[in-house]
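Here the structure comes first, spelled out in structure tokens, and everything after it is commentary.
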Amino acid sequence: MIVDKNYCMSSYLTFRYVYDKNRCFKEGMMHRDHESVDDEDKIPCKTAGEIDENIKRILSGVDLKHAAVLLSGGMDSAILASYMPAGTKAYTARCIGNGAVDETEQAKKYCEIYNLEHIVVDVSWDDYTSTMDELMLHDGSPIIPNEPQAYKLAKLAKQNGASCIVYGDCADTEFGGMDRLLSRDWTYDEWVERYSFVDPKKVVRDPVDMSSVYDLYRTGEDGIDFIRFIAGPYAASAAGALTNAFRCAGIDFVDPYEKLKMAEPLDLQRVRNGEPKYLIRELFKMRYPSLRIPEKLPMSRPAEDWMKEWEGPKRDELLAGCTNGLTGEQKLLVYCLERFLNLIG
């Protein structure tokens, strides 16, 4: 394991995780990576009906009597909730702050249809600051900003008797849900600019160029395989955030979508014509014939509100004034990075 703080800071800001498994922030502090399902082990699904049958098969191997489900207002978790036994506890986070999106009413509809016990969990900035240090030390890396709310839900589920969390995070990456990222054919340079969460050159005093990661997905002279990139670095960062929260809470977890994949190439034209996750949309109609497909909502956490008073990082490794002009979500990443650096010394 190589200690390379500048690489790790740059990778975290760019991809929201440390891409190189052999590099770490500090001696003896290995970052925990999400253990992704190998592509050859995923079950190919050609139709919504095949997704339905395979979700049933996957969940048949789970002790659902002692499981809970994480439920937002969206399609993916709603579909999984529909397979849970009546009376299952379904947990929905409600972030507190100006600009937060409340998904509880939509989630409640799913619970009423399938007779689930709906538990709404309020998540505040105090919940974030009181748990993020524990999460970061457990992960050996700064956190992704949705980890504290997942952690609070997971701990409560375990306290209430659950031994496993059923959740739906990978439908977006497996079934064409990233409609903004899939909205056009990007050039290499356009993709680097569009995808990078925070440009490390604008934050880190001695940044490391992350081109070597993007180059793995380059096609031709000026193209990039953005679909493969979404299934790679993006999926790894998104999945790793939740699994770290669950591991830190000491509870098992299963995302059935991660074990599935499309049997045929993604129809980008359908996605770009307003049908992202078209197979998942069809399955939602099968499981909730009386409901309209829910509108995709923005992130629920009110990052702009939470970060409005933060003056930016003070550490020498980070540039003064680097958060000027950043969004609340970007500031939250930089905040987590500095907080982690303060933890490890």
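Computed from the coordinates by the stated procedures, all read-outs in this text should not be read as laboratory data. Predicted model only: the values in this text are computed from it and were never measured. Don't worry about glycine lacking a Cβ; one is built from the backbone with ideal geometry, like all the others, and counts go over all protein chains shown.
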The alpha-carbon pair-distance distribution computed for region 34-300, with 5 angstrom bins and whole-percent values, is 1, 5, 12, 15, 19, 18, 14, 9, 5, 2, 0, 0
With label points set 7 Å from each Cα along the Cα-to-Cβ direction at Met1 and Glu50, the distance between them in nm comes to 4.1 nm
Residue-normalised 222 nm signal for the chain, counting each DSSP H run of n ≥ 4 as -39,500 (n - 2.57), nearest 500 deg cm²/dmol, is -12000 deg cm²/dmol
Contact order relative to length for region 206-337, counting C-alpha pairs under 8 Å separated by 6 or more residues, stands in percent at 11 percent
Mean separation of Cα contacts under 8 Å (at least 6 apart) over the residue count of region 53-132, i.e. the relative contact order in percent, is 29 percent
What the 5 Å binned alpha carbon P(r) of region 1-58 shows, as percent of pairs per bin from 0, is 4, 17, 18, 14, 9, 8, 11, 10, 8, 2
Semi-axes a, b, c in Å (a largest) for region 235-302, each sqrt of 5 times a Cα gyration tensor eigenvalue, come to 26, 16, 15
Cα extents of region 1-104 along the principal axes, largest first, in whole Å, come to 49, 44, 28
hull vol. (C-alpha, convex hull) per residue for region 156-236, Å³ -> 149 Å³
Quick note, region 40-87: a/c under 1.5 would make it rounded; otherwise a/b > b/c is prolate and the rest oblate (a ≥ b ≥ c, C-alpha gyration tensor); here it is oblate
Straight-line reach check, Lys109, cutoff 19 Å on alpha carbons, 8 or more apart in-chain or any other chain, hits among aspartates and glutamates -> Asp76, Glu117, Asp122, Glu282, Glu295
Burial-style ranking of 151-159, 268-276, 128-136, average other-beta-carbon count within 10 Å with highest first, yields 151-159, 128-136, 268-276
By Cβ neighbour count within 10 Å, fewest first, Glu50, Glu103, Glu193 rank Glu193, Glu50, Glu103
Counted neighbours (other Cβ, 10 Å), sorted fewest up, put His118, His31 in the order His118, His31
The ³J(HN,Hα) series, computed from each phi in region 213-220 with the Karplus coefficients 6.51, -1.76 and 1.60 at θ = phi - 60°, rounded to the nearest Hz and given as x for glycine or proline, is 6, 4, 4, 5, 10, 5, 10, x
Listed by chain and number, the lysines with an alpha carbon less than 20 angstrom from that of Lys42, same-chain partners under 8 positions apart left out, are Lys56, Lys259, Lys261, Lys277
Packing-ranked peptide list from 160-166, 39-45, highest mean Cβ count within 10 angstrom first, is 160-166, 39-45
Per the rule of 0.36 nm per residue minus the C-alpha distance, extending Lys109 to Ser163 adds in nm 16.9 nm
Filtered hits (lysines, Cα-Cα < 26 Å from Lys202, offset >= 8 within chain) -> Lys5, Lys21, Lys26, Lys308, Lys314, Lys331
Ranked from fewest to most other Cβ atoms within 10 Å of their own Cβ, Ser212, Ser290, Ser36 fall in the order Ser290, Ser212, Ser36
Here the percent of antiparallel bridges among DSSP beta bridges lying wholly in the chain, to the nearest 5, is 20 percent
For region 222-331 the chymotrypsin sites (Phe, Trp or Tyr not before Pro) that pass both the DSSP coil test and the at-most-16 other-Cβ-within-10 Å test are Trp310
By the Cα gyration tensor axes a ≥ b ≥ c (a/c under 1.5 gives rounded; else a/b larger than b/c gives prolate, otherwise oblate), the shape of region 194-242 is oblate
Karplus-derived 3J(HN,Hα) from phi for region 249-256 (6.51 cos²θ - 1.76 cosθ + 1.60, θ = phi - 60°), whole Hz, x at Gly and Pro, runs 7, x, 10, 6, 7, 8, 10, x
Placing one equal point scatterer on each C-alpha of region 35-182 and summing with Debye, one gets log10 I(q)/I(0) at q = 0.12, 0.14, 0.19 Å⁻¹ equal to -0.57, -0.79, -1.35
